[in-house]
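J.: Would you mind keeping the following structure in view while I ask a few things?
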Amino acid sequence: MNMRIESFWNCGASRVRSTLLLYLVFAALAPSLMPKIPEIIDVHHVHIWSLTDERPVLTLHARITEQVDHDRIVNDIHRALESLFGVRHATVQIEYGPCTDDIERVDHH
């Protein structure tokens with residue numbers, strides 16, 4: 001057995017469960033959020049990790065339609081993350097156009 005895989009499985013059932021849970025949340029995130037909140041056009045740059053076995057943490061970018069209340073959408077996303085996945089701590093970046101992380105940056109120095 002590969003040493004890294006063996007180490008992963010030997011690190012304890014609790015750790016394996018939390019890692020599997022994080023993967024399932026990551027895989028199901030966009031398909032679950034988008035129908036629940038129709039103003040979301042796209043979910044990307046999703047990062048999820050766990051501070052402890054009981055406390056997942058998540059960051060994401062959500063591109064939304066332009067005629068939407070920013071604060072309401074952020075609250076809707078937070079409520080959906082908690083009800084669907086049990087994620088109580090998330091940082092949500094709202095975008096109305098192309099992701100600023102994907103735009104080529106120009107050095108002005």
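The values are calculated or read from the model by the stated rules, or taken from the named source; none is laboratory data. Predicted model only: the values in this text are computed from it and were never measured. All Cβ positions, glycine included, derive from the backbone under ideal geometry; neighbour counts span all protein chains shown.
J.: Would you mind stating whether VAL106 is at pLDDT below 90, under 12 Å from the mean Cα position of the chain (by Cα) and of a type in the set (A, V, I, L, M)? If you could, list the steps in order and put the result at the bottom.
T.: Details: at pLDDT below 90: yes; under 12 Å from the mean Cα position of the chain (by Cα): no; of a type in the set (A, V, I, L, M): yes.
Criteria not met by VAL106.
Residues are listed down the side, and each one gets a yes or a no for (1) at pLDDT below 85; (2) part of a helix (DSSP H, G or I); (3) surrounded by fewer than 15 Cβ atoms within 10 Å (Cβ to Cβ); (4) at negative phi:
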position: HIS45; (1), (2), (3), (4): no, no, yes, no
position: ILE48; (1), (2), (3), (4): yes, no, no, yes
position: PRO56; (1), (2), (3), (4): yes, no, no, yes
position: THR59; (1), (2), (3), (4): no, no, yes, yes
position: ARG63; (1), (2), (3), (4): no, no, no, yes
position: GLU66; (1), (2), (3), (4): no, no, yes, yes
position: ILE73; (1), (2), (3), (4): no, yes, no, yes
position: ILE77; (1), (2), (3), (4): no, yes, no, yes
position: GLU82; (1), (2), (3), (4): no, yes, yes, yes
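J.: Out of the residues in segment 26-42 that are among the aliphatic types (A, V, I, L, M) and either part of a loop (DSSP other than H, G, I, E, B) or within 8 Å of the chain's Cα centre (by Cα) (or both), state the one that is nearest to ARG88 (Cα to Cα). Give the derivation first.
T.: If we filter segment 26-42 for residues that are among the aliphatic types (A, V, I, L, M), which is where we start, we get 27-30, 33-34, 37, 40-41.
Applying the additional criterion that residues be either part of a loop (DSSP other than H, G, I, E, B) or within 8 Å of the chain's Cα centre (by Cα) (or both) yields 29, 37.
Working: LEU29: 14, ILE37: 18 Å.
Checked segment 26-42; the qualifying residue nearest to ARG88 (Cα to Cα) is LEU29.
J.: Give me the pairs, please: first residue somewhere in segment 70-96 and closer than 13 Å to LYS36 by Cα, second residue anywhere and part of a helix (DSSP H, G or I) and of a type in the set (Lys, Arg), beta-carbon distance under 7 Å, and either six or more positions apart or on two chains.
T.: Partner pairs satisfying both residue conditions: ALA80/LYS36.
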